[in-house]
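First comes the structure, then the notes that go with it.
The values are calculated or read from the model by the stated rules, or taken from the named source; none is laboratory data. Small disclaimer: the values here were computed from a predicted structure and weren't measured. Here the Cβ is made from the backbone with ideal geometry for all residues, glycine too, and neighbour counts use every protein chain on show. Surface areas here come from the heavy atoms of the whole protein model, side chains and all, with no ligands, DNA or RNA. Shrake-Rupley method; radii C 1.70, N 1.55, O 1.52, S 1.80 Å.
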Protein chains: 2
Amino acid sequence: MSKKPGEGKLTVTAERLQSHIDRLDPYLKRKLLPFWLDHAVDREHGGYLCYFDRDGKPTAKTAKTLICQLRNIFTFSSVHRAGLGDGRALEAARQGVEFVIRRLWDAEHGGWYWIADRQGNPIDDSKIMYGQSFGVYCMAEYALASGDPAGMEYAGKSFDTIMRCAADTSAGGFWEMFQRDWSLKPGGAYGGDRKTLDVHMHLLEAFTALFELTRRPAHRRKLNEIMRLLVGRMCHPEFGTGMAQFDADLRPLPAILFRSVWGSDRDTETGARPLNNTNYGHNIEMCWLLKHALDILGEDPAPWLPAIRRMNDQALEFGVDWECGGIYVEGPNDGPAAQTLKEFWQQAEVLVGFLDAAIIFGEQKFWDAFENVMEFVWTHMINHEVGEWYALLERDGTVKWDYLGHEWKCGYHTVRAVIQVLRRLRALQGRLSA
Amino acid sequence: MSKKPGEGKLTVTAERLQSHIDRLDPYLKRKLLPFWLDHAVDREHGGYLCYFDRDGKPTAKTAKTLICQLRNIFTFSSVHRAGLGDGRALEAARQGVEFVIRRLWDAEHGGWYWIADRQGNPIDDSKIMYGQSFGVYCMAEYALASGDPAGMEYAGKSFDTIMRCAADTSAGGFWEMFQRDWSLKPGGAYGGDRKTLDVHMHLLEAFTALFELTRRPAHRRKLNEIMRLLVGRMCHPEFGTGMAQFDADLRPLPAILFRSVWGSDRDTETGARPLNNTNYGHNIEMCWLLKHALDILGEDPAPWLPAIRRMNDQALEFGVDWECGGIYVEGPNDGPAAQTLKEFWQQAEVLVGFLDAAIIFGEQKFWDAFENVMEFVWTHMINHEVGEWYALLERDGTVKWDYLGHEWKCGYHTVRAVIQVLRRLRALQGRLSA
C-alpha cells in the first residue's frame, strides 16, 4: 500500500481499472447482493429484518426501524435500476413498499413513524427528519425502478409533508425532531432546536431522486436550495468542510448526541464535540452527492468544484490513513484525525467520492486515495464468507463491532457504493479508450 | 383637529368612545355593508365584480383578478363571523368559493391563477404569491364562518402548495413570482429573484387565520416563523420599520415596481425608491396583525411590544398629517414624509393599528392619532352617498382617484377596518366600565 499519495495528473491504466472491476463485479453479484436478497426480506410479516450477526444470522432483536425499512427499499430499487437482481430485487422492494405504506405511514398527520415492532405496530411514533428524508429518497427510487404509481404518490406525500411541517421558513433549512403531530420536541438533547448537516445531506440525495423522477420546477428549486444551504451555510467559512450541528439560525454549535433512539452509535459520550471538527466520510459523501445532483439537474458543475476540491483535499491530507489504509472517522480541520477507528459507511462513501474526484480533477492523488481505501475495505472490512461488511474496525483493521446489520446498517451504503464505484470505473475505462 | 398629539396616559371618556361607535356602527350596517352586499356579487357568472366608479356603478372593465375574488370571500366571511349580514354575507361568500374553486384553482400544478375574464377563463395563469396568500386567508376565514369542509380543504391545499412550491428552504422566506408550473419568473422587474415585505405580511394574516382554524402544531410554527421573519429580518435594524424589498438572501434592496399586472397602482414610476424609505400604513398594519396573531396563538405579547412601539412612534412622528389629518403614504425613517397623498387602505389600516397601540400602551397620543385619521376618513375619504371609500386623495382631502372598486380594491380593507375598530372601541369601553 502506498504510504503517500502520488502527484500530478491521473495515470491509471486500463488494466488497473479492469483489475478492480474484475474483483468488484463478481463480489457484488455473487456475494454482496445475494446476501441481502436472501436474508433481508421478512417473509413472515413483510418489510425487512434489520439485525444480523457476524455470520449473517438474524439476531433476537426484531424491531423495525424506519431507516432500515426505507433504506432497504432504496437499495433493492437501485439494484433493479442497475440491471441487477433478476427481478428479485424489485420484488423485494415492492413488498417493502407495501409494508411501510400499510404500517409506518401516518395517514392522519402525515409522515412516517420512527420504530415499529416486527409486525409493524408503531413503538415510537416520533417524526424524525432523518427518516422522513428517506421516505422521499426510497419512494422516488422505487418509482424510477418500477413505474409503480404508489412510488410516485408516496414520494410526493413524503416531500409535501416535509415542506408543510418541517421547513423553517424563517431562517432556512429544516427542523428535525418532532412528535407524531409535528410539534417540535424539546431543545437541547432532544434536538428540537437544532439543525444538522447529516439530515440536510440526506435531503440532498432525496431531492435529487425526486427531481429525477418528476422533473418539476419546484423540485428542481428545492434541490438547488439544499445544495446552496449545504455548501453556503453548513460548510466552514474558512476550511470549507462540513460542520455537524447548528442552532435554529444556522449558527454552528458543538455537536452533541441526541437522545432519540438511533440504535447503534459509535459514539456514546454525552459531551459535545469541539467546534473545529469534521467528518471526512460525510464531507466526501456530500461531494459526490453534489456532483450527482448536478448531473441530474443538467447544470454546470464549475461553480461547485472549488467546494468539492477543498473537502477532498482536506480528507486526503488528514482523513486518509496512508499507513494502515482506510479513512478515519473525524478530526480537526487543520490537524491529524482525532478519532482513528474505521467505520463501514465512511469507507463506502469515500470510495465513490475519491473516484469522483479523480475523474473530475484528473489527478493521481485522488486515485491513490481510492485504491488505498479500496484495499483496506477488501482486506479488512468485508466479511468475505458472508458478503456484507463489518460495522466498525480498529485503526489497524482488527474487527471491533462485528455485526452486519442493525437499526440503520443494511445494504444502503455498501451496495450503493459498489454499484457507484463500478459505474465510475467503467466511465474511466471509456474515457481511456476514447 | 388637534395639531399635535397629546401626552401622557390615555384619558378618553366613555362618552367619546360611544360617539365613535354611534357614528361607525350605523355607517357599517346601513351604508358600507349594503353597498358591497348589493353590488359585489356577479349574479350572472358567479364570483364578484371588481370595478366600480365613484357612483358605485360597475364600469366597462370585467376582468376578475384573483385578489379581488379572494378578498371578497374573506370580507363576506368575516362579516358573517362578526354577526352581520343576516346570512346574505355568507351566501355571497359561498358562491364566490364555488366560483374560484371551479375556475381559478389549478388542479394540475396547484395554486390559483392570477387573472380571469368575467366568465372565469384564465387570462394570466401566473402564480403570484401575493394572491396565493389570500387563498389561505380567505378559505380559512370562510371555513371559520361557515364550517363548510370545502373551506378547510382549500385553505389546506393553498397552504400546502405554498410550502411545497414557494418556500425558500435555503435563505428563508418565500419566493414570490412564478409561472403557472411554479418555475420562477425572471429576476429584476419580473420579481423572480426578489422578496417583499408586502407578501410576507399578507402571509402573516393568512397563517393566523389558518392556525385559528386548524390549531395544528405545524401551522402554529409557520405563523411563529413568519412573525420572526418580518420583525427580525424585514424590519430596519436601526429604525425598526418595515423595509419593502429584498434579494433572495433577504438583503434589503431599493424597491422597484414589478411588471406583473396589478392593475391600479399609485406609483407608476419605474425608478427605484431610496433604501431609507418606509410605508407608514404597512408598518401599522403589520403591528396590529402581529398583535392579533399573538392573541390567536395565546402567546405573551411582551417580546414583540418594543417592535410594535417603534413602528407606531415612527408613524406618529412622521406619518400622521397633524395639520390636514390622515396618514401619508411613505417617507424616510428619520424625516418628514416624501409622499403626502392619502391612500384609502393606509387610512383603514392605521385606524385599527393606532387604536390597538392606544389599548396596548395606554397612551393618549395613539388615541389622538386614531381620532385624527378617523376624522379625515369620515370627512374626506368616505363617499357617504354610496358607502365605500375613494381610492386616493390629495394631501388636503381633495379626491384624486375617485373610483370605489378596482383590481384589488374591494371591501377587504374598509369593511375589515370598520369591524376591527368597532371591536376595539367596545373593548376599551368595557375596560373603562370595569
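Things to note:
- Taken together, A:I284, A:I226, A:I256 contain a single residue that is under 30 Å from A:Y403 (Cα atoms), open to solvent by less than 10 Å² (accessible area, probe 1.4 Å) and β-branched (V, I, T), which is A:I284.
- Tabulated pairs, the range A:2-13, first touching a residue at least 24 places away in the same chain (Cβ under 8 Å), second among the small types (G, A, S) and surrounded by 10 or more Cβ atoms within 10 Å (Cβ to Cβ), C-beta under 8 angstrom, 6+ apart or interchain: A:P5/A:A369; A:K9/A:G362; A:L10/A:A358; A:L10/A:G362; A:V12/A:A358
- Count - residues of the range B:312-326 that are more than 16 Å from B:M286 (Cβ to Cβ) and touching a residue at least 12 places away in the same chain (Cβ under 8 Å): 8
- Test: residue in the range A:219-233 that is modelled with pLDDT of 95 or more, assigned to a loop (DSSP other than H, G, I, E, B) and within 14 Å of chain B (Cβ to nearest Cβ): no
A quick yes/no check of all residues on (1) in contact (Cβ under 8 Å) with a residue 12 or more places away in the chain; (2) closer than 21 Å to A:P5 by Cα:
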{"residue": "A:A348", "(1), (2)": "yes, yes"}
{"residue": "A:D356", "(1), (2)": "yes, yes"}
{"residue": "A:G362", "(1), (2)": "yes, yes"}
{"residue": "A:V373", "(1), (2)": "yes, yes"}
{"residue": "A:W389", "(1), (2)": "yes, no"}
{"residue": "A:L422", "(1), (2)": "yes, no"}
{"residue": "A:R426", "(1), (2)": "yes, no"}
{"residue": "A:G430", "(1), (2)": "no, no"}
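- Answer residue from the range B:172-189, given it is of a type outside the set (A, V, I, L, M, F, W, C) and either closer than 13 Å to B:D124 by Cα or open to solvent by less than 20 Å² (accessible area, probe 1.4 Å) (or both) and is farthest from the other protein chains (Cβ to nearest Cβ) among those: B:E176
- If you go through the range A:196-218 and keep only what is within 12 Å of chain B (Cβ to nearest Cβ) and either among the small types (G, A, S) or open to solvent by 10 Å² or more (accessible area, probe 1.4 Å) (or both), you end up with A:T214, A:R215, A:R216, A:P217, A:A218.
- A:D193 being within 13 Å of chain B (Cβ to nearest Cβ), in a loop (DSSP other than H, G, I, E, B) and either within 27 Å of A:I296 (Cβ to Cβ) or out of contact with any helix residue (DSSP H, G or I) (no Cβ under 9 Å at 6 or more places or on another chain) (or both): yes
- Counting residues in the range A:115-127 that are open to solvent by 40 Å² or more (accessible area, probe 1.4 Å), assigned to a helix (DSSP H, G or I) and polar (S, T, N, Q) gives zero.
- Scanning the range A:37-69 for residues that are more than 22 Å from A:Y113 (Cα to Cα) and crowded, with 16+ Cβ neighbours inside 10 Å yields A:L37, A:H39, A:F52, A:R54, A:G56.
- Contact map, the range A:97-117: first residue more than 13 Å from A:L70 (Cα to Cα), second residue open to solvent by 10 Å² or more (accessible area, probe 1.4 Å) and acidic (D, E), Cβ cut-off under 6 Å, separation 6 or more or different chains; pairs are A:H109/A:D181.
- Residue in the range A:328-337 that is under 17 Å from the mean Cα position of the chain (by Cα) and of a type outside the set (D, E) present: yes
- So A:L90, is it at pLDDT 95 or above, farther than 17 Å from A:K31 by Cα and in contact with a His (Cβ under 8 Å, 6 or more places away or on another chain): yes
- Taking the numbered list (1) within 22 Å of the chain's Cα centre (by Cα); (2) modelled with pLDDT of 95 or more in turn, A:A255 passes all entries but (2).
- Subset of the range B:148-160 (residues that are at the interface with chain A (Cβ under 9 Å from one of its Cβ atoms) and buried (at least 21 other Cβ atoms within 10 Å of the Cβ)): B:F159
- Taken across the range A:162-169, residues that are touching a residue at least 12 places away in the same chain (Cβ under 8 Å), open to solvent by 40 Å² or more (accessible area, probe 1.4 Å) and within 14 Å of chain B (Cβ to nearest Cβ) do not occur at all.
- Every residue from the range B:411-430 that is modelled with pLDDT under 95 and among the hydroxyl-bearing types (S, T, Y): none
- Test: residue in the range B:270-278 that is at pLDDT below 90, open to solvent by 30 Å² or more (accessible area, probe 1.4 Å) and within 28 Å of B:C50 (Cα to Cα): yes
- Meets criteria (touching a Leu at 6+ places or on another chain (Cβ under 9 Å) and open to solvent by less than 40 Å² (accessible area, probe 1.4 Å)) for B:L316: no
- Failed item, numbered, when A:L33 is tested on (1) closer than 26 Å to A:E371 by Cβ; (2) surrounded by fewer than 19 Cβ atoms within 10 Å (Cβ to Cβ); (3) not basic (K, R): (2)
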